[in-house]
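Read the structure below first, then the notes.
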Amino acid sequence: MNVYHPKLTAGLWLAGMLVICILGSQALTKDWLETGFLALLPTSEQQPEIAKAVRQHNELLNRKMIWLAGAATSAEAINHARKLKSRLEQSGLFRKVVLEVPQQHYIEQYQKLFPYRYQLLDEQTREMLAKNPDDLIKQNLEILNSPIGQMQAADLERDPALLFSRYFSAQNPIKLNLEQGIVVLSDRHRFWALLLTDLQDERLQLDKLETLSGMVDSATEQVKTDGGELLVSGMPLFTAHGAESAKQEISTVGIGSSLGIVMLLWVTFRSVRPLLLSGIAIGSGLLAALVVCVLFFGKIHILTLVFGASLIGVADDYAQHFLCDSFGEKDWSPRKGLKFILPGLSLGLLSNLLSYAGLGFSPFPGLQEVALFSAMGLLVAWLTVVLLFPLLLTGFTFDHQPGILKLTTYWEQHWPLWVNKNRRWLGLVLSVFIAGGLWMLTPQDDVRLLQSPPAELLRTADRIRQLLPISPENQFFLVSGKDQADWHQNEQTLLKRLEILKQQKALTAYAGLSNYWPDESQQQQNYQLLKHQWYGSGLLERYMIDLGFDKAAVQAELKQFAEAEHNTLALPEWLETADETKQQLWLGCDSEHCQSTVTLTGISDMDALAALQDLPGVVWVDQVESISSLFARYRIRATGLLAIAFCLASLGLGYKFGWRNGATIMSVPVMALAVSLAMLGWFDQLFSLFNLFALLLVLGIGVDYGLFFFMAGDRRVSTSLGVTLSAVTTLLAFGLLAISSTEIVHAFGFTVTAGIVTALLCAPLIGLKEYQK
């Protein structure tokens, strides 16, 4: 402090903020806000090939939306869907809006694959040829004599055995009813016209998410006004709801805590200058935190801003401690005040930074962002108070005694006396309370707690799933092989087992590439099977003559068959004809292996499916279960991290103040942690990894409060005012987090709130005697 120059330090602060503003003007002009739920989840612990499969599997889901326009008749439903299609195309949000089934795509696919019809056989045809070729004749005759026989007869000259027709139909195993080229579904009450959309970008910006959500609401209302009903579902809608909910919570926490701070500071200080100074400390901290996070991570998740809004109450602590110290003595000056509170502010900042550093060690990108955002915000707020306040408070004094000072003085003097007088029964009650709460504490690690979508959105998704059971589940299989042949064999083995489980109702459907594309070896086997059982045995000739073909037509078919013997359809060529859903199944080949995914629909027996991962080259990927297991593992690690942080804080305080005094200070955060955990148990609150990271903050805040009272000496009156104001403003922020509709945000806020209240009650019980060196 002997070489401290307020003008110089204020100049350094100003230069630093100018640098941050310049960097911010560059970083914040780009797309810097992340809204997707999956961006919160870790990928670092997954094997690279599994991470790639998960990413590719999710990319498809993240863009797609399903729209069902319902009405009393199919014609009305189609009319509603046509109007809706026009509206969606005009919105500019979608790169693809599909109402009519794209016939041209099927025509092109048919033309490209038809030359390989003798190599491409579906599983049912292959089985009939191998076991009893006469069954194929019987089934063909049944098809030709059925109502759809005329459609098949049109292609009979080119494909007399209906081989390619069978294969082509097997490409889309779930048959849907078409009217006017539009898929029409029905239940007991309504007909539903299906419309599918793909978003322009799976990572929609906040304004576009708001546009999407508003458009869904207005379209639903419009269809309802026209006498119909609209059902809409898809991952983007859940993302839009989460973003809107987070935006509201940012406003609630930010505005609520800001208004609370303004009112509290005005009642306490009755001056505009303290309000402006606090605003500068908070604003500079939040701005620096935002800019540094965006520069470091590239993007920042909107949920980070929810936690960041709660930083308002914490960042203001340093300013309040400085301002409240002015009530401690009559000849107070900024230099003297800073000299007195700087050790406590510095140790408090260090304990908070260590606590937030604990968040940074987690594998979750969301928590890493919260850690950096909070640590940077607090650091810059602290620097603002230390470097700027002495200059701006020069010559400023308070000429009043705030009413709240009388309350905090009374509380600080009488509360410890009352506790000491009743310590026996209070200790017994507290012990029972803590023990009972800890006994009822039950960990919950389900990743789905990260989202809290409204019940109506979930009901709509379930209703669509019942009407249209084609949406893939989050669980899937990753199939590998050392080359294409090995991969194909492994996937075929898996698909045969899945077919058995499908017959047992363990799932509704599955999709794997090898179901549609046979490898070169399988193509040759298919050709030879046809040659021996059908074309070379005379069976084809008898079949065609019975249908009315002449011998010339039979010879022409035999000639085409002989000429196609060496035809081979490579996988890349086949993929060019496939739709996007099938293309997404292929992950490609490298020097070590070839890989694909097998998607599942309508899972009802998860254990039976998971048991198939024992097959060669097969890995069961359950994103929900794997990330929930990761939560459980890191919850255990976070417990160890909390213990390490406790030990480091104890060692630091013991070295600085002596072991007995260090233990006295640490009793505040220890009690705060114990009561927080007990409160979670008694009130049946979520207890997960995120609560433990919240307890790291409770540890830092508890050490902060304990230190200030321990070091207060003859300034306990002003210290009690500073700590009380600090606690109230922090409670305003984290208490508002506790009303969040998102389960983990609520649990985080509840845990920190319980810890701060406990720390506030325990801190005045220490440091009653002046600290002796």
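The values are calculated or read from the model by the stated rules, or taken from the named source; none is laboratory data. Just so you know, these numbers come straight off a predicted model, no measurement behind them. Using ideal geometry, Cβ is built from the backbone for each residue, glycine included, and neighbour counts are taken over all protein chains shown. Side chains included, ligands, DNA and RNA excluded: accessible areas come from the protein's heavy atoms. Shrake-Rupley method; radii C 1.70, N 1.55, O 1.52, S 1.80 Å.
Annotations
- The C-beta contact set for the range 743-768 (first residue at positive phi, second residue among the hydrophobic types (A, V, I, L, M, F, W, C) and open to solvent by 10 Å² or more (accessible area, probe 1.4 Å), distance under 6 angstrom, 6+ apart or interchain) comprises G767/F710.
- Only one entry of L407, L426, L367, L417 meets the criterion of being closer than 29 Å to M671 by Cβ, among the aliphatic types (A, V, I, L, M) and within 30 Å of the chain's Cα centre (by Cα), and that entry is L367.
Every residue, every condition in (1) open to solvent by 30 Å² or more (accessible area, probe 1.4 Å); (2) farther than 30 Å from A53 by Cα; (3) of a type in the set (D, E, K, R); (4) part of a loop (DSSP other than H, G, I, E, B), yes or no:
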{"site": "T493", "(1), (2), (3), (4)": "yes, no, no, no"}
{"site": "Q523", "(1), (2), (3), (4)": "no, no, no, no"}
{"site": "N526", "(1), (2), (3), (4)": "no, yes, no, no"}
{"site": "K582", "(1), (2), (3), (4)": "no, no, yes, no"}
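- Filter result (over 21 Å from L185 (Cα atoms) and either surrounded by fewer than 20 Cβ atoms within 10 Å (Cβ to Cβ) or in contact with a helix residue (DSSP H, G or I) (Cβ under 7 Å, 6 or more places away or on another chain) (or both)) within the range 223-246: T225, M235, P236, L237, F238, T239, A240, H241, G242, A243, E244, A246
- One residue from L725, L707 being within 36 Å of the chain's Cα centre (by Cα), over 19 Å from V370 (Cβ atoms) and outside any loop (DSSP other than H, G, I, E, B): L725
- Of the listed requirements (1) open to solvent by 20 Å² or more (accessible area, probe 1.4 Å); (2) farther than 23 Å from S213 by Cα; (3) modelled with pLDDT under 85, T73 misses just one: (3).
- Restricting the range 213-259 to residues that are part of a helix (DSSP H, G or I) and charged (D, E, K, R), the residue that is farthest from A315 (Cα to Cα): K224
- Looking across the range 1-56, not a single residue is surrounded by 12 or more Cβ atoms within 10 Å (Cβ to Cβ), modelled with pLDDT of 70 or more, outside any helix (DSSP H, G or I) and polar (S, T, N, Q).
- Annotation: of all residues in the range 345-359 being at pLDDT 75 or above and under 16 Å from V723 (Cβ atoms), the one that is most open to solvent (accessible area, probe 1.4 Å) is L347.
- Residue within the range 672-681 that is in contact (Cβ under 8 Å) with a residue 12 or more places away in the chain, buried (at least 24 other Cβ atoms within 10 Å of the Cβ), outside any helix (DSSP H, G or I) and among the small types (G, A, S) present: no
- Qualifying positions in the range 266-290 - within 16 Å of L393 (Cα to Cα) and free of Cβ contacts under 8 Å to residues at least 40 places away in the same chain: V272, L275, L276, G279
- Qualifying positions in the range 554-580 - among the small types (G, A, S) and open to solvent by 40 Å² or more (accessible area, probe 1.4 Å): A556, A562
- Only a single criterion out of (1) modelled with pLDDT of 90 or more; (2) out of contact with any Cys (no Cβ under 9 Å at 6 or more places or on another chain); (3) open to solvent by 30 Å² or more (accessible area, probe 1.4 Å) is not satisfied by S591, namely (1).
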